[in-house]
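Inspection log for the structure reproduced underneath, given as structure tokens.
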Amino acid sequence: MPKIKTSSGAKKRFELTGTGKVKRKHAYKSHILTKKSTKRKRNLTYTALVDTSDEKRMKGLLVA
């Protein structure tokens, strides 16, 4: 069987941590920022982890 390619969209959006979890960025931080509070925008800056229920699917896209 041929090798499975890594999803190029996923490799731009997700990153694996040292313990094997998947990091992601928050949505809603790209435009229409005037109506959002400073606190909300600041909290969207930080990375989050992908939920455990989606983790297996994301790893399938990343690890080829």
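The values are calculated or read from the model by the stated rules, or taken from the named source; none is laboratory data. Predicted model only: the values in this text are computed from it and were never measured. Because the Cβ atoms are built from the backbone with ideal geometry, glycine has one as well, and the counts that use them run over all protein chains shown. Side chains included, ligands, DNA and RNA excluded: accessible areas come from the protein's heavy atoms. Shrake-Rupley method; radii C 1.70, N 1.55, O 1.52, S 1.80 Å.
Would you confirm whether any residue within the stretch 12-25 is part of a helix (DSSP H, G or I), without any contact (Cβ under 8 Å) to a residue 24 or more places away in the chain and over 15 Å from Met58 (Cβ atoms)? Give the steps one after another, and end with the answer.
Residues of the stretch 12-25 part of a helix (DSSP H, G or I): 12-13.
Subsequent filtering for residues that are without any contact (Cβ under 8 Å) to a residue 24 or more places away in the chain retains 12-13.
Cutting the leftovers down to over 15 Å from Met58 (Cβ atoms) gives us none.
No, the stretch 12-25 contains no residue that is part of a helix (DSSP H, G or I), without any contact (Cβ under 8 Å) to a residue 24 or more places away in the chain and over 15 Å from Met58 (Cβ atoms).
Which numbered condition in (1) without any contact (Cβ under 8 Å) to a residue 12 or more places away in the chain; (2) surrounded by 12 or more Cβ atoms within 10 Å (Cβ to Cβ); (3) assigned to a helix (DSSP H, G or I) is the only one that Lys36 fails? Tallying (1) without any contact (Cβ under 8 Å) to a residue 12 or more places away in the chain; (2) surrounded by 12 or more Cβ atoms within 10 Å (Cβ to Cβ); (3) assigned to a helix (DSSP H, G or I), Lys36 fails exactly one: (3). Taking the conditions (1) open to solvent by 90 Å² or more (accessible area, probe 1.4 Å); (2) without any contact (Cβ under 8 Å) to a residue 40 or more places away in the chain in turn, Val50 satisfies each one other than (1).
Taking the condition of a type in the set (Gly, Ala, Ser), open to solvent by 60 Å² or more (accessible area, probe 1.4 Å) and under 25 Å from Val63 (Cβ atoms), does Ser7 pass? Walk me through it before giving the result.
On the way: of a type in the set (Gly, Ala, Ser): yes; open to solvent by 60 Å² or more (accessible area, probe 1.4 Å): no; under 25 Å from Val63 (Cβ atoms): yes.
Considered against the rule, which asks whether it is of a type in the set (Gly, Ala, Ser), open to solvent by 60 Å² or more (accessible area, probe 1.4 Å) and under 25 Å from Val63 (Cβ atoms), Ser7 comes out as no.
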